[in-house]
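Asks: Before I ask anything, here is the structure I am working with.
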Amino acid sequence: MNPVVQVDHLTKRFGSQLAVDDLSFSLEPGTVTGFLGPNGAGKTTTLRVLLGLAEPTAGHALVFGRRYRDLTDPIRRVGALLESTDFHPRRSGRDHLRCISLAAGIERERVDELLELVSLTDAARKPVGGYSLGMRQRLGLAAALLGDPELLLLDEPANGLDPDGIAWLRGLLRDLAAGGRTVLVSSHVLGEVAQTADRVVILNRGRLSETAALDTLGRDQRSLEELYMEMTK
């Protein structure tokens, strides 16, 4: 089975700053992978390269065997949430999703379906500028899911969610994986990753420190927190 994501010897420099250093990993279909590391470890840069928002200095980062820019109908292949601030503050949540759906040729009924999924139906007509951080995260997730994509790339999606929202997100990601989708989720909430992910990819200072299946940690009698601290100290 071909990997959904293939990162091979990826290096990314910004001038003299080395953000990602010879990074390699792959993701299989139907899995949730926790993408872990300290601030500045290179996680967001890797996600941006995967999405074609930054060019690699060396190596490559492919989705479905191609560069993102070479995908046909990419919104139906890849959904992404990198920031919860890229909304027009005076546009309603529904209109934000409708603009994206119109540009992508997605039926309007999908917008209302996703507003209900992320529990924003009651706030759908309100300007996004009045949304809380958690509400903006939910709206960003709805936008990422508009095309019913096979792959989701999420950068700190639990940021701003209350405990009920975090539990809801956990169930959503597990349901997506059970349906054959692949999820790469960057997070600092190790306890939540331990309950949600099948495996983890840990970066430190731009380099790969460890990849591990979560079920092997139990057999090794190590917690995810212990592994993380060991790999990033």
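The values are calculated or read from the model by the stated rules, or taken from the named source; none is laboratory data. None of the values given here were measured: they were computed from a predicted structure. We place every Cβ from the backbone using ideal geometry, glycine too, and count neighbours over all the protein chains shown.
Asks: Name the one entry in G93, G140 that is in contact with a strand residue (DSSP E or B) (Cβ under 6 Å, 6 or more places away or on another chain) and among the small types (G, A, S). Write out each step before concluding.
Replies: Details: G93 fails: in contact with a strand residue (DSSP E or B) (Cβ under 6 Å, 6 or more places away or on another chain).
Of the residues listed, the single one that is in contact with a strand residue (DSSP E or B) (Cβ under 6 Å, 6 or more places away or on another chain) and among the small types (G, A, S) is G140.
Asks: Given (1) modelled with pLDDT under 95; (2) under 13 Å from the mean Cα position of the chain (by Cα); (3) of a type outside the set (S, T, N, Q), identify the lone condition not met by V183.
Replies: Only one criterion in (1) modelled with pLDDT under 95; (2) under 13 Å from the mean Cα position of the chain (by Cα); (3) of a type outside the set (S, T, N, Q) is unmet by V183, namely (1).
Asks: What do you reckon, is D175 acidic (D, E), closer than 25 Å to G134 by Cα, in a helix (DSSP H, G or I) and modelled with pLDDT of 95 or more?
Replies: Against the criterion (acidic (D, E), closer than 25 Å to G134 by Cα, in a helix (DSSP H, G or I) and modelled with pLDDT of 95 or more), D175 qualifies.
Asks: Let me ask something else about it. Of the residues that sit in region 45-80 and are in contact with an Asp or Glu (Cβ under 7 Å, 6 or more places away or on another chain) and not in a loop (DSSP other than H, G, I, E, B), which one is nearest to G180 (Cα to Cα)? Full working, then the answer.
Replies: Quick first cut of region 45-80, residues in contact with an Asp or Glu (Cβ under 7 Å, 6 or more places away or on another chain) only: 47, 59-60, 76-77.
Filter once more, so that each one left must be not in a loop (DSSP other than H, G, I, E, B): 47, 59-60, 76.
Numbers: L47: 21, G59: 28, H60: 25, R76: 14 Å.
So, considering only residues that are in contact with an Asp or Glu (Cβ under 7 Å, 6 or more places away or on another chain) and not in a loop (DSSP other than H, G, I, E, B), the one nearest to G180 (Cα to Cα) is R76.
Asks: While we're looking at this one, here's another question. All but one of (1) modelled with pLDDT under 95; (2) surrounded by fewer than 21 Cβ atoms within 10 Å (Cβ to Cβ) hold for T121; state the number of the condition that does not hold.
Replies: (1)
Asks: So which of D8, D70, D22 is out of contact with any Pro (no Cβ under 6 Å at 6 or more places or on another chain), surrounded by fewer than 20 Cβ atoms within 10 Å (Cβ to Cβ) and closer than 23 Å to S101 by Cα?
Replies: D70
Condition check ((1) over 23 Å from L169 (Cα atoms); (2) in contact with an Asp or Glu (Cβ under 8 Å, 6 or more places away or on another chain)) across all residues:
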{"residue": "H188", "(1), (2)": "no, yes"}
{"residue": "Q195", "(1), (2)": "no, no"}
{"residue": "R199", "(1), (2)": "no, no"}
{"residue": "N204", "(1), (2)": "yes, no"}
{"residue": "S223", "(1), (2)": "no, no"}
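Asks: Which is within 27 Å of L62 (Cβ to Cβ) and part of a helix (DSSP H, G or I), of L153, L208, L141?
Replies: Matching residue, one of L153, L208, L141: L141.
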